[in-house]
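*Asks:* Input: one structure, supplied below.
All of the numbers you see were taken from the coordinates with simple rules; none came from a lab. Keep in mind that what you see is a predicted model, and the values were worked out from it rather than measured. FYI the Cβ positions are ideal-geometry reconstructions off the backbone, even for glycines, and counts take in every protein chain you see.
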Amino acid sequence: MAVLVGLDIGTTSTIGVLIRPDGATLATASRPVRLHADRPAWSEEDPEEWWGNAGAILRELAAAAATAGETIAAVGVTGMLPAVVLLDAEGRVLRRSIQQSDARAGAEVEAMRRAVDEAAFFRRTGCGINQQLVAPTLRWLERHEPDVFGRIATCFGSYDFVTHRLTGVRTVEHNWALEAGFLELESRRLADDLLALGGLRPGQVPAVRTPLDVVGAVTAAAAAATGLPEGTPVTAGVADHAASTFAAGVVADGDVLLKFGGSGDVMAATRAPIGDPRLYNDFHVIPGLFMPNGCMAASGAALNWLAATVAANLPRAAGQTIHQALDRLAAATPPGAEGLVFLPYLLGEKTPLHDPDARGVLLGLGLHHGTGHVWRAALEGIAFGFRHHLDVFAEAGLAAERFRASDGGASSRIWMQIVADVIQRPVRLLTGHPGSALGAAFVAGFAVGAFRRWDEIGRFVGLGAMIEPAPANAAVYDRLYGVYREVYERLRPLFPALASA
């Protein structure tokens, strides 16, 4: 039986999975990724590190397939978006990627707002004018790194780059083009005048493809670097949040996925795009559906920073991770962290605030607080961010009835209990869900005929425990959520001064 490979170019790690169409997961592998934040609000990564990770991971998966006597039928790549990867005419990486959580281009966003009719732009692209767009980032580069800007031959995303390295073909997946602000939502075509907003000419963003398109095959050079058989079909890839949402079974009105990765994502499935510029519109993996969503710039990334800077030397049991040790302290801390409130805006904030100047805040700190209080407040602050998105969903008329949780943060039982308590709704955990890589592998399999029905994804992902909210905690979280929302509004006028310091 043929097997399928999914590769996830994630913010904090690169992850690969090898699956068999009958529902078996044969192997997984991962490598860490370094996030560079050299200046306030900057967020960059090295595409060559992604490719190095991909080579090591794919060699492991190819060896596992060979050991099992299986043939790899297709490869699909997923990744965060819209990370900006730039190549010169010879295919060389021009600089580190500028990540989707990067907030350096605030002045360029404001300039675009003054120059463009935002309502008309939203009707045309499904995007508001905010830091998620690629055009302001490119204009920043034009101002600050003109030598780099002048040598751009290709502008595309993280998973587009790795797909290119595998096949030699340059394409861009449709959700990257959509969130970049270069794609017309109705026609699903790149528009020259939208590209021009970023100073790009036609052809500098490659041809748009859908996740079900086979765009090429593994080249001889890529086979040598990865261990994959030369000629293996490779699809156009899929946005990580779309892959994860589909794999989690979010396919109907009322379904919502809470995704706990490097960023925090809230995704739903609908039959039409949502008409609220505070949120993002994306295409669902299943043709004909849309995926309105929101994304917090820092979720797992904020916790990783906190663990590394505040609790790096925390004593812990053998085999226990720093995050698990901190979770134990948080579990022994009362809900509300005894009056400590954390705003997780360490990279500015994306939806629903669209404020690149926003900053992280720890409010209410006293001598009676310890490490457990700070960690619990951080877990609660990110949960408040999810609740904020659900409030916006409701204001936009989007039903949110059934909640599922996925990705690395969902393994923290105390965090999932906090989330259920904050939103006061049950949250279903998933089993057998290795994240977005699974969705990429499945879509690649669908493209080459290994699957015939979308519901076959149920062979791989099961329903785990249901985390029920504790009614006794509702009042304290309602009160602190109000503080959380008010703190940002009161501090908002001060954030620009901090950003320019």
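*Asks:* Please turn the phi angles of region 279-288 into ³J(HN,Hα) values with the Karplus equation 6.51 cos²θ - 1.76 cosθ + 1.60 (θ = phi - 60°), one per residue in order, whole Hz, x for glycine and proline.
*Replies:* Listing the rounded values in order: 10, 9, 10, 9, 7, 5, 4, 6, x, x Hz.
*Asks:* Moving on. By how many nm would the segment from Thr71 to Val148 lengthen if fully extended, with 0.36 nm per residue of separation less the alpha-carbon distance?
*Replies:* Result: 23.6 nm gained on full extension.
*Asks:* For region 58-126, restrict the atom set to alpha-carbon positions and state the Rg and Dmax in Å.
*Replies:* For region 58-126, the Cα-based Rg and Dmax read 20.3, 60 Å.
*Asks:* When the Cα atoms of the chain are enclosed in a convex hull and the volume is divided per residue, what value in Å³ results?
*Replies:* 139 Å³
*Asks:* In whole Hz and in residue order, list the ³J(HN,Hα) couplings for region 364-372 that follow from phi through the Karplus curve 6.51 cos²θ - 1.76 cosθ + 1.60, θ = phi - 60°; x for Gly and Pro.
*Replies:* Calculated HN-Hα couplings, in order: x, 5, x, 5, 7, 8, x, 4, x Hz.
*Asks:* Name the residues whose placed amide hydrogens come within less than 5 Å of the amide hydrogen of Val234, ignoring near sequence neighbours (fewer than 5 apart) on the same chain.
*Replies:* Val75, Val215, Gly216, Ala217, Val218
*Asks:* How large is the charge dipole for the chain, taken about the Cα centre, if only the Cβ atoms of Lys, Arg (+1) and Asp, Glu (-1) carry charge, to the nearest 20 debye?
*Replies:* I would put it at about 420 debye.
*Asks:* Using a Debye calculation, one point per C-alpha and no hydration shell, please list log10 I(q)/I(0) for region 3-241 at q = 0.17 Å⁻¹ in order.
*Replies:* Normalising to I(0) and taking log10 leaves -1.20.
*Asks:* Calculate the tail of P(r) for region 381-501: the fraction of all Cα-Cα distances greater than 16 Å, expressed in %. Don't skip to the end; give the middle numbers.
*Replies:* Values: 5150 of 7260 pairs.
Tail of P(r) above 16 Å: 71 percent of Cα pairs.
*Asks:* Another question, if that's okay. Which value in nm describes the separation of the simple spin-label points at His368 and Ala475, placed 7 Å from the Cα toward the beta carbon?
*Replies:* 1.8 nm
*Asks:* What distance in nm lies between label points placed 7 Å from Cα along the C-beta direction at Asp88 and Leu491?
*Replies:* Going by the 7 Å Cα→Cβ label model, 4.3 nm.
*Asks:* Each residue of region 10-23 in order: what ³J(HN,Hα) in whole Hz does its phi give by Karplus 6.51 cos²θ - 1.76 cosθ + 1.60, θ = phi - 60°, with x for Gly and Pro?
*Replies:* 3J(HN,Hα) across region 10-23, in whole Hz: x, 5, 9, 7, 9, 10, x, 9, 10, 10, 10, x, 6, x.
*Asks:* For q = 0.18 Å⁻¹, what log10 I(q)/I(0) does region 336-429 give under the Debye formula with an equal point scatterer on each alpha carbon and no solvent?
*Replies:* -0.92
*Asks:* Given the options Ala358, Ala89, Ala180, identify the residue whose Cα lies farthest towards the positive end of the charge dipole of the chain (+1 on Cβ of Lys, Arg; -1 on Cβ of Asp, Glu).
*Replies:* Final value for the positive-end residue is Ala358.
*Asks:* Taking the Cβ of Arg328 as the centre, find all other residues whose Cβ is under 13 Å away and add up their charges (Lys, Arg: +1; Asp, Glu: -1).
*Replies:* +2
*Asks:* Given the DSSP H assignment, sum -39500 (n - 2.57) over each helix run of at least 4 residues in the chain and divide by its residue total; what's the result at 222 nm in deg cm²/dmol, nearest 500?
*Replies:* That calculation yields -11000 deg cm²/dmol at 222 nm.
*Asks:* Based on the Cα coordinates of region 123-180, what is the per residue volume of their convex hull in Å³?
*Replies:* Here the figure is 98 Å³ per residue.
*Asks:* Right, something else. Along the charge dipole of the chain, Cβ charges K/R +1 and D/E -1, which of Ala27, Gln131, Met291 sits furthest on the positive end?
*Replies:* The one lying farthest along the dipole's positive direction is Ala27.
*Asks:* Could you bin all the Cα-Cα distances of region 220-300 into 10 Å bins starting at 0 and give me the percent of pairs in each, rounded to whole numbers?
*Replies:* 17, 40, 21, 18, 4
*Asks:* List the residues whose amide H sits under 5 Å from the amide H of Leu430, counting only those 5 or more places along or on another chain, with H placed 1.01 Å from N in the peptide plane.
*Replies:* Ala405, Gly464
*Asks:* Using alpha carbon coordinates only, what is the Rg to Rh ratio of region 252-366, with Rh defined as the Kirkwood radius?
*Replies:* Values: Rg = 17.6 Å, Rh = 16.5 Å.
With Rh from the inverse mean 1/r over Cα pairs, Rg/Rh is 1.07.
*Asks:* Need one number: convex hull volume per residue for region 244-286, Cα atoms only, in Å³.
*Replies:* Spelled out: Cα convex hull of region 244-286, divided by residues, is 81 Å³.
*Asks:* Calculate I(q)/I(0) for region 379-429 by the Debye formula, one identical point scatterer on each C-alpha and no solvent, and give its log10 at q = 0.15, 0.16, 0.23 Å⁻¹ to two decimals.
*Replies:* -0.38, -0.43, -0.87
*Asks:* Sticking with this one: With unit charges on the beta carbons (Lys and Arg positive, Asp and Glu negative) and the dipole taken about the Cα centre of region 356-501, which residue among Ala383, Gly445, Gly372 sits farthest to the positive side?
*Replies:* Gly445
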